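Working notes for the structure below.
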Amino acid sequence: MRGVMIASAILFAGCATTKRCAPEMIPPPHTCFERVGHFDFRPNAPGGPNSLDDFRNAVQPGDLVVTYMDLRRALARKQWVFTVLPCGHSMVVVEPHSPNGILECRFHGAQMVGPEELLQYTNCQVYRLRDRSGLDLARLHEFCDFACRRVKGYAPKSWIGVNGEMSPDSDAELSLKYTCSNFLAAAYHYSGVSLSAGRETTKVITPNSLAASIATPRQPAAAQR
């Protein structure tokens, strides 16, 4: 029931349409991310399935992962959000070869997971920052540590544009609940890259909003103290 309610909220918020979007969105050159990979782990994938090692060897810390689930799979798995928002989940790679090296936020909060989580989707797209010089990986690890302790819930209000804190400079500024994409906007900001999607405090933020963002590298607060 909760999934149906959230899916309805997405629809009424205007971020979904009756015409299903393409399985990927390749941002134009002026955006901060470029698409560097497409992974399909299904046995019947066109051209043959990718392996999890293909994914591990291709990604880098800080890469954005946007997952896609087709309508048939979404209905079969009762993943209601994906029935109206096919590109319905986003993650960030922290440690490519770690058993749990991917950061995400789901209904139960923030957690670190392995690439096995990707097997449930139809496919996923990987986006990389065009300019990684502003990304502070030490800060990203620090964010993972306190976010997984602090963020313990989901923020359905974000689907009507009531967003949590997406520009935190300390753990105390982090909200207690997020959607996946709002959470990643906060993670990138804390790690030194402020995404334009993260400054949309009254709009619905989706995984593709992140992929299409413009970034402004900034000096992390910790470095200024």
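List of remarks:
- Length gained when the stretch residue 142-residue 167 is fully extended (0.36 nm per residue, less Cα-Cα span): 7.5 nm
- Each of residue 35 and residue 157 was given a label point 7 Å from its Cα along the Cα-to-Cβ line. The distance between the two points is 3.5 nm.
- Label-to-label distance, residue 97 versus residue 149, with points set 7 angstrom from Cα along the beta-carbon direction: 2.9 nm.
- Most to least packed among 127-134, 156-163, 188-195, 82-89 [average Cβ atoms within 10 Å]: 188-195, 82-89, 156-163, 127-134
- Placing dummy labels 7 Å off each Cα toward the beta-carbon, the span from residue 202 to residue 116 is 4.5 nm.
Bear in mind these aren't lab numbers, they're just calculated from the coordinates by the rules spelled out. All of these numbers come straight from a predicted model, not from anything done at the bench. Glycine also receives a Cβ, built like all others from the backbone with ideal geometry; neighbour counts cover every protein chain displayed.
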